[in-house]
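**Student:** The structure that follows is given in the form of structure tokens.
Every number in this text was worked out from the coordinates using simple rules, so none of it is lab data. In this text, all values refer to a predicted model and were calculated from it rather than measured experimentally. Note: ideal-geometry Cβ built from the backbone for every residue, glycine included; neighbour counts use all protein chains shown.
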Amino acid sequence: MLKELPSLSTILSAYASFSAMAMLFRTILNEMLPERMQNYIASKIYDFTAAYFSSDFTFIIEDRWRAGDNQMFRAAEIYLPTIIGPSSDIILVGSDDSSDPTAPPKRSFPVDCRIKDNYDGMRLEWTLSSIDPKKFYVPPKRFFSLTCKKRDRERVEQRYFPFINKTAQEIINKSESLSIYTYDQECSMWDPTVFKHPATFETLAMEPHLKEFIMKDLDSFVERKEFFENVGRAWKRGYLLYGPPGTGKSSLVAAIANYMRYDVYDLQFQSVRNDSDLRRILTSTTNRSILLIEDIDCSTKVSHNRTKVKEKSEEEEDDDEDRDETKRPFSIDLGAYSTSLMDCGRAVGTKES
């Protein structure tokens, strides 16, 4: 039987011939096919082999979903720093609490960092990626890649993802610090920082019956989710604060934030380019938050048009009467802010999940 086996020289000769043919075939492909066609063929071969020979499955979770932020991406951002362990080869640390410089830094994860997790016997691996756009005014596109076994795909969708959302919400509820976000027009994103303001309803200089009225109104808003759904309205509440500087508008906003434990989004209309930009800005705010619109009487074309109108003597009296009516505080729906708040100073809206 050993005599029937080819000799070593025959095997080496066959291998050399095969290698020469492969090199010749590769040279012909490089000369005849353009690079894009080569990449396309290589990607199809990779997809074919991965589909039939790989046992892994990958979920892609982008930071944006349709017209708004991807809540699954936000939940992963909150959850993953809590499971960073020795298996991670790199982590991101930092602190934004200037009041306690001796406190240990908080953990996060940089781009291309791999984080491993185990849930219900499943081995999972997360990777954060970022793609820089060619346009300078478009923010980077970030996304998570979650790799699991193909046999665990259904369990990840039905059990693991809901677990992450629930855990992230519990972390938010237990968080002692609040954040205030300002919109960065150049990067087209909200920039957060720690929100610490001593104002509370107990320390606020306001008539007791007005403070009691606002607190009861906020409590009623939180408890009436079903009512808003039954009447077909979005679950949000709006307030209009009017007055000269130093009358306590900012302190009232801080007191509401501390009372509700909601983050604050501070928006200046000067940073808004157009209607679509405004829509994207508003939909990128999180649930359980306060949207603060500053100085809306000085931020739109309507205010400038009104300035021109005031120059006409025949309409001065009508304008004065309108301004007298708008001095009284009242509740508003922020869904109609673009036309109804032009005579006023500051709008505050609370948003629930």
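**Student:** As I understand it, the dipole of the range 177-297 uses +1 on the Cβ of Lys and Arg and -1 on the Cβ of Asp and Glu, about the Cα centre. Which of 228, 250, 284 lies farthest toward its positive end?
**Tutor:** Final value for the positive-end residue is 228.
**Student:** Suppose R0 equals 30 Å; then what is the FRET efficiency for residue 233 and residue 193 from their Cβ-Cβ distance, rounded to the nearest 0.05?
**Tutor:** Rounded to the nearest 0.05, the efficiency is 0.40.
**Student:** Relative contact order for the range 168-227 using alpha-carbon pairs under 8 Å, separation at least 6, rounded to a whole percent?
**Tutor:** So the answer I get is 20 percent.
**Student:** Explain nothing, just the number: relative contact order of the range 181-307, from Cα pairs under 8 Å at least 6 residues apart, as a whole percent.
**Tutor:** Relative CO of the range 181-307 lands at 29 percent.
**Student:** Under a Cβ-only charge scheme (Lys and Arg +1, Asp and Glu -1), can you give me the dipole magnitude of the range 177-297 about the Cα centre, in debye to the nearest 20?
**Tutor:** 300 debye
**Student:** Shifting gears a bit: List the pairs from 44/141; 106/174; 216/236; 141/166; 44/116; 225/249 whose alpha-carbon separation is above 19 Å, in the order I gave them.
**Tutor:** 44/141; 141/166; 44/116; 225/249
**Student:** List the chymotrypsin sites (Phe, Trp or Tyr not before Pro) within the range 62-157 that fall in a DSSP loop (any state other than H, G, I, E or B) and whose Cβ has at most 15 other Cβ atoms within 10 Å.
**Tutor:** Answer in residue order: 136, 137.
**Student:** Place a label point 7 angstrom from the Cα of residue 167 along the Cα-to-Cβ direction, then list the residues of the range 66-89 whose backbone nitrogen is under 20 Å away.
**Tutor:** Under 20 Å, as judged by backbone N against the label point of residue 167, lie 70-89 of the range 66-89.
**Student:** Just to verify a number: FRET efficiency for residue 37 and residue 67, C-beta to C-beta distance, R0 = 51 Å, to 0.05?
**Tutor:** 0.90
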